[in-house]
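A short worksheet on the structure shown next.
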Amino acid sequence: MKLFTIVAISIAVLVQSLAAQAPPPKEPKEPTEKEKEELDSGIPIANELVRKTCSPCHKVDDKLRLSRISWRRTTPEGWEQTIKRMISLDGLKLEPAEAREILKYLSNTLGLAPEEARPAAFEVEKRMIDYKYAANKDAEEVCTKCHSMGRVISQRRSKTEWELLIAMHRGYYPLSDFQAFRRGGPPQTQPGPDGSPPDNRHPMDKVIPHLTDALALKTPEWSAWSANMRAPKLAGQWAFAGYQAGKGYFYGATTIKPGDKEDEFLTETRYTRVKTGDVIERKGKAIVYTGFQWRGRSESGASGKDSLREVMFLDRGQREISGRWFTGAYDETGIDVTLKRIGNDSIVLGIDHASLPAGSAREVQIHGVNFPANLSAAAIDFGPGVSVKRLVSATPALVRVEVEIAKDATIGPRDIGVAGAFREAGAVVYDKIDEIKVRPQAGMARVGGINFPKEFQQFEAIAFNNGADRKPDTKDDISLGPVDVTWSIEEYTATFDDDDKTYVGTLDDNGLFTPNVDGPNPKRKNRADNYGDVWVVATLKLPDGKVLRARAHLLVTVPLYMKFDQPEVAQ
Amino acid sequence: MKHLRSVNRKAQRIENDVVALQGPPQQPAAAPHIPLGCSLVFSPGWEADRNGGTAGLCQPVERDLFDCHTGCFWPAQVPDQLNHAPDWTAKCAAAQKDWRKIDLVFP
């Protein structure tokens, strides 16, 4: 009994002392106006599958907003990449059908407005362009140390979300602190140019206010678009116009039919490669996200080998869809495509020889749709200085005419008219080729073929006339379109005894560069891989014997060992 | 330097340097071309070195690859050991010899 009393008293004293030590319960902190506003900007998730799938980790609040998810908007590709990360790193299990439904719901409910998605189109269209983010130097430096700025500008987030995104990067990739996020070197002691005190914030801290402001969750564009958004009505006939570097122009037509759901479509496309007359037929299907973002895939032939991914944007009037159809291990081969809805009117798509030399006569093919049956030469109009001599043949999609270009015709672009339908600047009249330029001016290829795939680079030579001022590289220079040239590779001397030219790869007659194989090369100094940088040189011999030369820089470099890609958005 | 004139080559070089230092700072060279998505800014970068070429890259890349992997030094170009590909080197002990066994990772 005595022992029991002692134990009981000890326990009582212990409990009391523990209670005395425990901190008082925290008063819930009242959120500030800004925090309240940010909280209110969250977008509710009405879809039950999304809530059920995500809620084990993402808290659902009383207004059906899911933590993190409701405060972010992005492209279908952005959401797909996140879903994939949830599967690969966070143990999410999903059936393909569920993933499709979730992706579509998130892309439609937490998507981008057309005005927001357009500037970031190069990212989803996989275009290799030089992009300069002029809005904020810090943001550009911090983000592009690891990836394209396109990933950033296709996001819209609240302030907390931007902070958490940076925190996520720091957690998954701890070295990014040293590479990008934190300031290196000694602190600044000098005041800024305007006399402000030295700014010693870390780059990541400088960037957050900019991102919160410039890429905000709540925008007038999204409010307007989401109120008006609907599944588009695309079924019907569309005129097809395409251009691919190295292959030239394609003209034809696409039939769009309704698919299984109101925002899904089936396509049949038939187009002609103008340069060779080859006809290509493709069958495909597509999903249109957020009312305007076309993501499709089409195949040609029975084997379905020649598969192209399609990323396009629908205009607000639902009369034009434009974007890029692409393939390749690095998505480097692509056609720029524009589809125009066919109504009752004629449409002029383009001609086979867009550049017309003054003082010559030639036969020209005009491609289009709905050309009238009883067409006469008088109904075809090439503008001043170009007379249509004879109508050779006419079908609803192709008209052949003989034209004569006057010797004194004023040089410059001409609109082409067929029975009242016009193609703006469809042809150009010129007197001589003054110079050529290689496009792209800076190309990139990656070695491959043994373990990793090759990245090819297509070059093309574009002819120019100096224009009315007769001076090169001025605003009035006239582009005469691609010309056939002789291609060669020259050394770009970067080091003593540079030998890149011997190893990097080959350039064919059509300007297509094929890189050499991957892996260390025992024949090279230091067993170096077959990479290097060289000049790609185009040479054009003119009829008068004059030789024009132009060149571009080509970087032949290492493979990517990891590929962030989201082809699933079209499936 | 108004009243002195250099008489030999060494003096000439000194004079050149002194004149250059007294003058306005020289313009930095035009920025190199940076391919889209390229991590040029690390020194050296992944696809291109700081001059926009390949002369400053690791040669061969396989010599340095696993360092990039374990330290996730190129998180957008090489799979990181920390999260995405902890077993990336399982089939390949030395990248310079076994580079044919290295997998391409789609995160």
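Below 8 Å, C-alpha to C-alpha, sequence gap of six or more: please give me the relative contact order for region A:236-341 in percent.
Values: 257 pairs, mean separation 23.4, N = 106.
Averaging sequence separation for qualifying contacts and normalising by length gives 22 percent for region A:236-341.
To the nearest 500 deg cm²/dmol, what mean residue ellipticity at 222 nm is calculated for the protein assembly as shown from DSSP H runs of n ≥ 4 alone, each contributing -39,500 (n - 2.57), summed and divided by the residues? Working shown, then result.
Details: 16 runs with 152 residues, N = 678.
For the protein assembly as shown, the value works out to -6500 deg cm²/dmol.
Give the relative contact order (percent, whole number) for chain A; include only Cα pairs under 8 Å separated by 6+ residues.
9 percent
Among the lysines, which have Cα under 19 Å from the Cα of A:Lys275 when same-chain residues fewer than 8 positions away are ignored?
Here the lysines satisfying the reach criterion relative to A:Lys275 are A:Lys247.
Along the Cα-to-C-beta direction of A:Ser479, a point sits 7 Å from the Cα; which residues of region A:307-346 have their amide N less than 14 Å from that point?
A:336-337
What ranking do A:213-220, A:504-511 get when scored by the average of other Cβ atoms within 10 Å per residue, highest first? All intermediate terms of the calculation are to be shown ahead of the outcome.
Numbers: A:213-220: 15.5, A:504-511: 17.2.
Ranking, from highest mean packing down: A:504-511, A:213-220.
Per residue of A:141-154, how many C-beta atoms from partner chains lie within 10 Å of its own C-beta, taken as a mean? Could you put the intermediate results ahead of the total?
Working: counts 1, 1, 0, 7, 7, 9, 7, 5, 2, 2, 2, 0, 0, 0.
Mean partner-chain Cβ count within 10 Å for A:141-154: 3.
Treat the count of other C-beta atoms within 10 Å as a stand-in for reagent exposure and order A:Ser196, A:Ser223, A:Ser488 from fewest to most. List each step's numbers first, then the result.
Numbers: A:Ser196 8, A:Ser223 11, A:Ser488 14.
Starting with the residue having the fewest Cβ neighbours, the order is A:Ser196, A:Ser223, A:Ser488.
Using 7 Å Cα-to-Cβ label points, what is the A:Thr338/A:Tyr105 separation (nm, one decimal)?
About 3.9 nm separates the two model spin labels.
By how many nm would the segment from A:Ala167 to A:Ser223 grow when fully extended, if each residue of separation counts as 0.36 nm and the alpha-carbon distance is taken off?
Numbers: separation 56, 0.36 × 56 = 20.16 nm, distance 2.84 nm.
17.3 nm is the gain from fully extending A:Ala167 to A:Ser223.
Beyond a 18 Å Cα-Cα separation, which of these cross-linked pairs lie in this structure: A:Lys285/A:Lys305; A:Lys59/A:Lys84; A:Lys137/A:Lys563; A:Lys233/A:Lys261; A:Lys159/A:Lys218; A:Lys104/A:Lys126?
In this structure, A:Lys59/A:Lys84; A:Lys137/A:Lys563; A:Lys104/A:Lys126 exceed 18 Å between Cα atoms.
List the relative contact order of region B:61-101 as a percent without decimals, with contacts defined as Cα pairs under 8 Å and 6+ residues apart.
Numbers: 36 pairs, mean separation 13.8, N = 41.
In percent, rounded to a whole number, it is 34.
Let a ≥ b ≥ c be the square roots of the eigenvalues of the Cα gyration tensor of the protein assembly as shown; is it rounded (a/c under 1.5), or, if not, prolate (a/b larger than b/c) or oblate? Numbers along the way, then the final one.
On the way: a/c = 1.99, a/b = 1.35, b/c = 1.48.
Oblate.
Between B:Val105 and residues 5 or more places away or on another chain, which pairs have amide H atoms under 5 Å apart, with H built 1.01 Å from N, and which residues are they?
A:Met562, A:Lys563
Hey, fewest Cβ within 10 Å first, where do A:Arg295, A:Arg182, A:Arg551 land in order? Walk me through the intermediate numbers first.
Working: A:Arg295 25, A:Arg182 13, A:Arg551 19.
Ascending number of Cβ neighbours within 10 Å: A:Arg182, A:Arg551, A:Arg295.
Let me know the mean shielding of A:531-537 by other chains, meaning the per-residue number of their Cβ atoms within 10 Å of its Cβ. Could the numbers behind the result be given before it?
Numbers: counts 8, 4, 7, 2, 0, 0, 0.
So the per-residue partner count for this stretch is 3.
Sort B:71-82, B:89-100 by packing, meaning the average of other beta carbons within 10 Å per residue, with the highest value first. Write down the numbers at each step before the final one.
Details: B:71-82: 22.2, B:89-100: 14.4.
Per-residue Cβ counts within 10 Å, averaged per peptide and sorted highest first, yield B:71-82, B:89-100.
Once amide H atoms are built 1.01 Å from N in the peptide plane, which residues 5 or more positions from A:Ala427, or in another chain, come under 5 Å H to H?
A:Arg414, A:Ile416
Quick note: the coordinates plus some simple rules give every number you see, no bench work behind them. Keep in mind that what you see is a predicted model, and the values were worked out from it rather than measured. Ideal geometry is used to build each Cβ from the backbone, glycine not excepted, and the neighbour counts take in all protein chains shown.
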